[in-house]
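Written out below as structure tokens is the structure these notes cover.
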Amino acid sequence: MKFIGIIPARYASSRFPGKPLAVLGGKYVIQRVYETVSSVLDEAYVATDDQRIFDAVIAFGGKAVMTRTDHKSGTDRIEEAAEKLATDADVIVNIQGDEPFIQPSQIETICHCFDDASTQIATIGKPFDTIEAAENPNSPKIVLDNNGYAMYFSRSVIPFVRGVEKEEWLQHYPFLKHLGIYAYRREVLKEITLLPQSSLEKAENLEQLRWLQNGYRIKVGYTDVETVGIDTPEDLQRAEEYLKEN
């Protein structure tokens, strides 16, 4: 099978404008993501709506494709990029442009999900270390079936462990944190971008619920590696400290 990585990267961000071009350890954030992805997959591209990002990627030796400015999600941007590239890849891997510490092992894990011929979409999850971390609504939880497919994603802590004090919940159920890397079979990517928003997606503001609610199956791989996403300038400072320590 052929896998390619497409990295959506917008310049406009309400919390951190120009985030992909922020400098982390002497390199652009988007450059760190690109170099990791291109070291693992057959091909890698940055999909952007901003000429500054496009030019920066080309300047550091990467590949980029310009996309429209009106996309409502990274998935939509990925689909336009795939169409423009006329790619013959079997699977498109979507790696967020603000994840400079994404690990090769995590990309390999999501690709191996497609060893199962029935996998349509794949993502990865990491066990929570504390119940306090699981209670953070910005860290979606995944509930799995017995075959490793997602049954539901939620910002709430699910399932509820009845008859047990909350501080002991992790001893009774393996709560799983969702990490925002996806992969899609090429034809499935095209299909899901044509779906209207679903009621569950609107309620939780989680795009993947649209796919589940429409009957698509999402295989979930496991990782023990924590990623350090960058959403704010403060996150960038923490990432600099993380880089020095690791």
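Observations
- Point-charge dipole on Cβ atoms (K/R +1, D/E -1) for the chain, about Cα centre, debye to 20: 440
- Positive-end residue of W211, H71, P159, charge dipole of the chain with Cβ unit charges: H71
- Cα-Cα over 23 Å, subset of K63/K84; K27/K63; K2/K126: K2/K126
- Anisotropy class of region 136-246 from Cα gyration tensor, a/c 1.5 cut: oblate
- Cα gyration tensor, region 92-153 - rounded (a/c under 1.5), prolate or oblate: oblate
- Note on the chain: dipole from Cβ charges, positive end direction compared against Q103, L243, H178; the farthest Cα belongs to H178.
- Label-to-label distance for A86 and D116 is 3.5 nm, based on points extended 7 Å past Cα in the beta-carbon direction.
- Listing L236, L194 from fewest to most neighbouring C-beta atoms within 10 Å gives L194, L236.
- Percent of beta bridges antiparallel (DSSP, the chain, rounded to nearest 5): 55
- Residue-by-residue Karplus 3J(HN,Hα) for region 148-159, coefficients 6.51, -1.76, 1.60, Hz, glycine and proline x: x, 9, 5, 8, 6, 10, 8, 7, 7, 7, 10, x
- Overall form of region 26-125 per C-alpha gyration tensor (a/c, 1.5; a/b vs b/c): oblate
- Modelled this way, with points 7 Å down the Cα-to-C-beta line, the labels at E187 and V225 are 3.2 nm from one another.
- Listed by chain and number, the lysines placed with their C-alpha closer than 16 angstrom to that of K72 are K190, K202; residues fewer than eight positions away on the same chain are left out.
- Helix-derived mean residue ellipticity, 222 nm - over the chain, DSSP H n ≥ 4, -39500 (n - 2.57), to 500: -9000 deg cm²/dmol
- Contact order for region 136-181, expressed relative to its length and based on alpha carbon pairs under 8 Å spaced 6+ residues apart, stands at 42 percent.
- Amide H contacts under 5 Å for K63, placed H, 5+ residues apart: V46
- Spatial separation of Cα centroids for region 136-196 and region 23-80, in angstrom: 27
- Per-residue HN-Hα couplings for region 205-215 [Karplus 6.51, -1.76, 1.60; θ = phi - 60°; Hz; x = Gly/Pro]: 6, 10, 4, 5, 5, 4, 5, 4, 5, 9, x
- With at most 14 other Cβ atoms within 10 Å, longest stretch of the chain clear of loop chymotrypsin sites (Phe, Trp or Tyr not before Pro) (DSSP): 61-159
- With a cut-off of 15 Å on the backbone N, the residues of region 154-172 near the modelled label site 7 Å out from E132 along Cα-Cβ are 166-170.
Rule-based calculations on the coordinates, nothing more; no lab input. Being a predicted model, the structure only gives us computed values, none of them experimental. Glycine gets a Cβ as well: all are built from the backbone with ideal geometry, and neighbour counts include every protein chain shown.
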